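Some notes on the structure that comes next.
The values are calculated or read from the model by the stated rules, or taken from the named source; none is laboratory data. Here the structure is a predicted model, which is why all the values come from computation and not from measurement. When we count neighbours, we look across all protein chains shown, and the Cβ atoms used for this are built from the backbone with ideal geometry, even at glycine.
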There are 2 protein chains.
Amino acid sequence: MQPSAEQLHAQTQAQLGELYEALDSGTFKQVRRMLNGLTPVKIAHLLESSPPQTRRALWRLVDREIEGEVLQELSDDVQSQFLRHMDTQEVVEITEGMDTDDIADILQQLPDQVIQEVLSAMSDQDRRRVESVLTYAEDTAGGLMNTDTITVRPRLTLDVVLRYLRRHDEIPESTDSLIVVNRQDEFLGLLPLGKLLTTDPGVTVREIMDTEAEAIPATLADSEVASLFERHDWVSAPVVDAGGKLLGRITIDDVVDVIREDADHSLMSLAGLDEEEDTFAPLMRTTPRRAIWLGVNLITAIIASAVINIFEETIDKVVALAILMPIVASMGGVAGSQTLTVVIRGMALGQIGRNNLRWLLSREFSAGMINGLLWALVMGVVVSVWFEDYTIAVIIAAAMVINILTAALAGALLPVLLKSVKVDPALAGGVALTTVTDVVGFLAFLGLATYFYA
Amino acid sequence: MQPSAEQLHAQTQAQLGELYEALDSGTFKQVRRMLNGLTPVKIAHLLESSPPQTRRALWRLVDREIEGEVLQELSDDVQSQFLRHMDTQEVVEITEGMDTDDIADILQQLPDQVIQEVLSAMSDQDRRRVESVLTYAEDTAGGLMNTDTITVRPRLTLDVVLRYLRRHDEIPESTDSLIVVNRQDEFLGLLPLGKLLTTDPGVTVREIMDTEAEAIPATLADSEVASLFERHDWVSAPVVDAGGKLLGRITIDDVVDVIREDADHSLMSLAGLDEEEDTFAPLMRTTPRRAIWLGVNLITAIIASAVINIFEETIDKVVALAILMPIVASMGGVAGSQTLTVVIRGMALGQIGRNNLRWLLSREFSAGMINGLLWALVMGVVVSVWFEDYTIAVIIAAAMVINILTAALAGALLPVLLKSVKVDPALAGGVALTTVTDVVGFLAFLGLATYFYA
């Protein structure tokens, strides 16, 4: 019986608590026994949930035989922290028996010289396989693929196929189809296991194979691979080179990681962070990344202040303006970030383009108009009661409408513009938007005030 | 050959362009032919990429026979827009031949009376199956499951199992294992197809079945189901009731949707939006949701202004304070949102708890101290050059350090506190944090200024 979400979370924390206590009291034997009694998946989760020092201490106590399995389950960022301290021999031992795509993943994080050494320590067949995966960038179909395919020829009868399979000790995980190829290893179609099991054994592969099945080109981007899997509910899919020759296959478990990372990308990028960021990254690793982001923000904040500076005299006359101006900027910022978030997600889902952008803009404009008028009215009433000054109430209401409308348009257009100049909208969109809403907010509010009070 | 990401996106837009043009010119026959020549998955994507009016026009031109398939592929928000205009008979027709979990999904969006009518129009067996799924909430294992399991008894030989399978026309999609049950339908273990195909046919199921395989309790939360699938690389898993009786199975394609939604949840919630939000939601549907969020933000912005109001006299004396104060608040906001994002994602991954919170707080404090001092120094220099006033330079530098440190601690603690009082940290975290960084930023800066200039 599985525990509930809260129980699972409590279990993780209880296990961490026990392990840390045993570590602190120096009873390493006990830690080792506790740790290695768990599944590799669980061990990886506990390692990822630990601060750097404890993480290293625990890692040293993981049994040699399961080190490789645990390593595979870790995120790239954490993997590389351990790999940095291994020598070539250790890497060779740890990668033995791993899937080719997992070996390639690990090698890609090592210096070139170590990669060559590890490759030369492998068997010829394994080396060729890993090299074929390494040819492709990590974020393409080729980099995601595995070379553990089971292929059959079209002229065989199912009976022969069944006897052929029985000669295997096991078939690779997530195999839902055998791959049909010709003598030149060119992809012809798929033979789903379901069909193999429900069809008369006298029939040939050619008669029942699925020739409509699509093969994925090795150079396709991983996010596009994920969207194909999602749309077609695939469990695995064959990968081919430009000439249609079978190179390997991609399985859903690797695709799930891509989906998770892609979805995290927008969230993390909006805060100037990398989606691979380790929650427990050491101080010296996370601080520089964040410093850059704070620096970029400081520049935009100074620009906004320079705008306020233009209206120094007006503020000097009416100090209430200084009190109220952050409200105008803040409301624009929130309205804009709502639009920005919807548009960034829509773009990630491939929904937004020239045919529907105009409709989207007009909806955002209308939503901005309605909500702008609504809250401008409320704010106008609040201000006229608070400051007993109708002029300033009218000014703030007008500035709020102007800024919320600008924010809605900027929130929809900025990501599209950024993408057209090949800048990641999730990364740059938030900062660009804040600059616009701050500048326009202060300009509108203080500009109108200068006009009325000058 | 598959097209690349850009080509796929361009293809979608080209298809939309052609369809819209044909719609505009009123050549519905042509639209119908073009549309129904596409796969249901593609049609669903085009519908989701269309504004409401066009979406409805296109939907009316989808062939009856594939309406159901297209409907299944749509997100809940879009599904319900179409379902609202259907009568009971149409719903009955459209759900024929669908998987039970998909039927349950659709029914859950209809009024109770319609659900009863649709259920009573079904065959006894189908109704019982759908009702068993409807018993469980949509966001639990029971709500995700399908009832199309293939079960076998442990005493059978594999040869008998193979002959039994051959009596089926097809086996359900994403079947990677047969489920082994006893006479009382209680779950005993799994028989992976890979093992079935590679083992001697004379062996019995009992001898080779996987009894370590875990079954999922029907009441487990869907996000927990997703994390089990992710950790164990499952393709499908059996679902049981509290007594261990087999109810159905969950397949990876449904889990992928949960993973996508969970990952989107943090992103959308931080902007006060729902993760199911339709990109092309009609104006009257999206405006109220956003209005509430703007209203909440207005209250926090007014609180910040009230803080500034306390220091009215000081600002009246030194107008430069009004010019510089947004910088202090803004830098705190950015530093805090970086911490908040890391912590919210860490919590979603189940990594953060009492054992590591202290380490996390101390790292965030140190990172805040380093980055705070760095940018405070830079800002101090900028201000002393800009305003030729060393006092204000020292004041802003000190206020920035105070606010960035506060932001780091608040960003780490607020989500944990909110969760402990059962408030969604992704939804409330951003607003709560901005309130803290605005209030502390203005208090520190203007408070220090009052002390020095009074």
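Regarding region A:287-298, can at least one residue be identified that is over 29 Å from the mean Cα position of the chain (by Cα), touching a residue at least 60 places away in the same chain (Cβ under 8 Å) and either outside any helix (DSSP H, G or I) or more than 7 Å from chain B (Cβ to nearest Cβ) (or both)? Checked against the condition, which is being over 29 Å from the mean Cα position of the chain (by Cα), touching a residue at least 60 places away in the same chain (Cβ under 8 Å) and either outside any helix (DSSP H, G or I) or more than 7 Å from chain B (Cβ to nearest Cβ) (or both), region A:287-298 yields no hits at all. May I ask you to say which residue of B:328, B:296, B:255 is under 27 Å from residue A:342 (Cα atoms) and buried (at least 24 other Cβ atoms within 10 Å of the Cβ)? Unique residue meeting the criteria: B:255. Cβ separations smaller than 6 Å between residues 6+ apart or across chains give the following pairs from region B:228-244 residues that are facing chain A (nearest Cβ under 7 Å) to residues that are buried (at least 16 other Cβ atoms within 10 Å of the Cβ): B:230/A:256; B:231/A:41; B:233/A:253; B:235/A:174; B:235/A:235; B:235/B:174; B:235/B:176; B:235/B:252. Each residue in region A:129-148 was checked for being modelled with pLDDT of 85 or more and part of a helix (DSSP H, G or I), and 7 of them qualify. Restricting attention to region A:52-74, does a residue exist that is outside any helix (DSSP H, G or I) and closer than 24 Å to residue A:248 by Cα? Yes. Can you work out which of the residues in region A:173-212 that are part of a loop (DSSP other than H, G, I, E, B) and in contact with a Ser or Thr (Cβ under 8 Å, 6 or more places away or on another chain) is farthest from the other protein chains (Cβ to nearest Cβ)? Looking at the filtered set, the residue picked out is A:185.
Part of a helix (DSSP H, G or I), aliphatic (A, V, I, L, M) and within 14 Å of another protein chain (Cβ to nearest Cβ) - does that describe any residue in region B:91-106? There is no residue in region B:91-106 that is part of a helix (DSSP H, G or I), aliphatic (A, V, I, L, M) and within 14 Å of another protein chain (Cβ to nearest Cβ).
Output the residues belonging to region B:47-69 that are charged (D, E, K, R) and within 9 Å of chain A (Cβ to nearest Cβ). Hit for region B:47-69 is B:48, nothing else. Taking the condition crowded, with 18+ Cβ neighbours inside 10 Å, within 16 Å of residue B:332 (Cβ to Cβ) and under 30 Å from the mean Cα position of the chain (by Cα), does residue B:348 pass? Criteria not met by residue B:348. Taken together, A:64, A:84 contain a single residue that is at pLDDT below 90, more than 29 Å from the chain's Cα centre (by Cα) and not aliphatic (A, V, I, L, M), which is A:64. Pick from region A:204-229 the residues that are surrounded by fewer than 19 Cβ atoms within 10 Å (Cβ to Cβ) and among the charged types (D, E, K, R): which of them is nearest to the chain's Cα centre (by Cα)? If we take residues in region A:204-229 being surrounded by fewer than 19 Cβ atoms within 10 Å (Cβ to Cβ) and among the charged types (D, E, K, R), then A:214 is nearest to the chain's Cα centre (by Cα).
Conditions tested, residue by residue: (1) more than 11 Å from chain B (Cβ to nearest Cβ); (2) under 21 Å from residue A:105 (Cα atoms).
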position	(1), (2)
A:31	yes, no
A:42	no, yes
A:45	no, yes
A:88	yes, yes
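Against the test of being farther than 23 Å from residue B:221 by Cα, out of contact with any Ser or Thr (no Cβ under 8 Å at 6 or more places or on another chain), outside the structural domain of residue B:174 (by TED's automatic domain parsing) and buried (at least 18 other Cβ atoms within 10 Å of the Cβ), the options B:90, B:96, B:69 yield a single qualifying residue, B:69. For region B:266-300, a residue qualifies if it is closer than 27 Å to residue A:381 by Cβ, among the charged types (D, E, K, R) and modelled with pLDDT under 90, and exactly one does: B:289. When region A:351-363 is limited to residues that are closer than 18 Å to residue B:16 by Cα and more than 8 Å from every other protein chain (Cβ to nearest Cβ), the one that is surrounded by the fewest Cβ atoms within 10 Å (Cβ to Cβ) turns out to be A:358. Screening residue B:255 on (1) facing chain A (nearest Cβ under 9 Å); (2) at pLDDT below 90 shows it passes everything except condition (2).
The residue that is modelled with the highest pLDDT, counting only those in region A:421-438 that are over 15 Å from residue A:344 (Cβ atoms) and assigned to a loop (DSSP other than H, G, I, E, B), is A:421.
Kindly indicate the residue of region A:213-227 that is at the interface with chain B (Cβ under 7 Å from one of its Cβ atoms) and among the hydrophobic types (A, V, I, L, M, F, W, C) and also farthest from residue A:243 (Cα to Cα) among those meeting that condition. Filtering first and then ranking leaves A:221. Considering A:344, A:292, A:323, the condition of being touching a helix residue (DSSP H, G or I) at 6+ places or on another chain (Cβ under 8 Å) and farther than 25 Å from residue A:361 by Cβ is satisfied by A:323 alone. Taking the conditions (1) facing chain B (nearest Cβ under 7 Å); (2) within 28 Å of residue A:402 (Cα to Cα) in turn, residue A:277 satisfies each one other than (2). Take residue B:47 and tell me if it is of a type in the set (A, V, I, L, M, F, W, C), part of a helix (DSSP H, G or I) and at pLDDT 90 or above. Here the answer is yes, as residue B:47 does meet what is asked.
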